[in-house]
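One structure is given below, encoded as structure tokens.
Read the figures in this text as sums done on the coordinates, not as results from a lab. Just so it is clear, the model here is predicted, and its values are computed rather than measured. Here Cβ is always computed from backbone atoms with ideal geometry, including for glycine, and neighbour counts include all displayed protein chains.
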Amino acid sequence: MNCQPQWIKLVYIWLLNNQFCLLCDERCCTPHALCVACELELPWLVDRCKRCALPLPMAGLVCAHCIKQPPAFEQVHAPWVYGFPIDSLIIRFKHHSKWPYGRLLAELLGQSLLDSFNSGSPRPDFLLPVPLSSKRLRQRGYNQAALLAQWLSAALNIPRHEHWLLRTQDTDAQQVLDAKNRKRNVLQAFRLAPGVQVTGLHLALVDDVLTTGATAQSLARLLVKAGARRVDVYCLARTPKPDGPP
């Protein structure tokens, strides 16, 4: 059964109409429903850890945690810090079924990734959305990470595999846990689908927000152990602190 919404055409029609900025309600002359002034004012993540994208005072550094315990993933690509107004757009998309907001953010993330590829970053072989627990999928009706991966796949011309990763445990929601319990919560929560071979592949995990990185670390470790050559993480935003809001 596919629980993803079948309203993709409606989302595209919404994007092709005369646009009004989602933030200031002024008419837009851009392909996105976001005016140039508001786009420039977004909380862009510039100075970050080279591995986990944690906001840092200077560019080109690696945070203390990644030095002490290098993650299984190679790099996190996140355009924004998780703060206003990005946080409100993500919440509307993730928890209130406002798919056009997600589509807009995916477009901007896709453009950011294309710029990164043009600057020499390697392109992954496949995109893998972070799986949602079956209980939460039934409650919400869709997996926001799967939708992001679908839109990114089209924008980047990189195939996606929605069902390669399985969530085998209905774990507690990560946002209600601290850093230590987040790691414990997802320790044995995932596995590869039967028959999936990832040996030698460069894979990119897709999610909405990276907070402590516990979920990304668990999945990346699983993929590397199964033979993946490299695992990256693509997400919309990175929290400013490991225990910041999810």
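Structure values in brief
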{"quantity": "Rounded FRET efficiency, nearest 0.05, which uses the C-beta distance separating Ala155 from Val36 and R0 of 22 Å", "calculated": "0.65"}
{"quantity": "Förster radius 22 Å - calculated FRET efficiency between Val62 and Lys241, Cβ distance, rounded to 0.05", "calculated": "0.85"}
{"quantity": "Label-point separation in nm, Lys135 to Ala193, each point 7 Å along Cα→Cβ", "calculated": "2.4 nm"}
{"quantity": "Length released on extending from Asp115 to Gln69, taking residue separation times 0.36 nm less the Cα-Cα span", "calculated": "13.6 nm"}
{"quantity": "Kirkwood-based Rg to Rh ratio, the stretch 44-238, C-alpha trace", "calculated": "0.93"}
{"quantity": "Peptides 136-148, 34-46 ordered by average Cβ neighbours within 10 Å, highest first", "calculated": "136-148, 34-46"}
{"quantity": "Neighbourhood charge, 10 Å Cβ-Cβ cut-off, centred on Asp125 and excluding it, Lys, Arg +1 and Asp, Glu -1", "calculated": "+3"}
